[in-house]
Amino acid sequence: MTLWNPAVLADIASTDDLHISPFRTDGTTYGTPTWIWSVVIDGGLYVRAYNGVDSRWHAAAST
């Protein structure tokens, strides 16, 4: 698990406009950032896409 900077977590928690775009191993992204649902709980960031594990960003981030 990645440790998040508390200030960054506070910024994420205060908005409902979080976008994600996973990085490839070469440092490039898979394309247009995707809007996702997010919540911050006990210092951890949890995210979910509308299509869940079938989302392209989830598949890209899991590889």
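Some notes on this structure:
- Output for the range 29-46, where each listed residue is in a strand (DSSP E or B) and either in contact with a Cys (Cβ under 7 Å, 6 or more places away or on another chain) or exposed (fewer than 10 other Cβ atoms within 10 Å of the Cβ) (or both): Ile41, Tyr46
- Any chance Trp57 is of a type in the set (Phe, Trp, Tyr) and assigned to a helix (DSSP H, G or I): yes
- Of all residues in the range 13-28, none satisfies being exposed (fewer than 11 other Cβ atoms within 10 Å of the Cβ) and of a type in the set (Phe, Trp, Tyr).
- Cβ-Cβ under 9 Å pairs, at least 6 apart or on other chains, the range 1-20 side over 18 Å from His58 (Cβ atoms), far side hydrophobic (A, V, I, L, M, F, W, C) and surrounded by fewer than 10 Cβ atoms within 10 Å (Cβ to Cβ): none
No lab work stands behind these numbers, since they all come straight from the coordinates. None of the values given here were measured: they were computed from a predicted structure. So basically every Cβ, Gly included, is an ideal-geometry build from the backbone, and we count neighbours across all protein chains shown.
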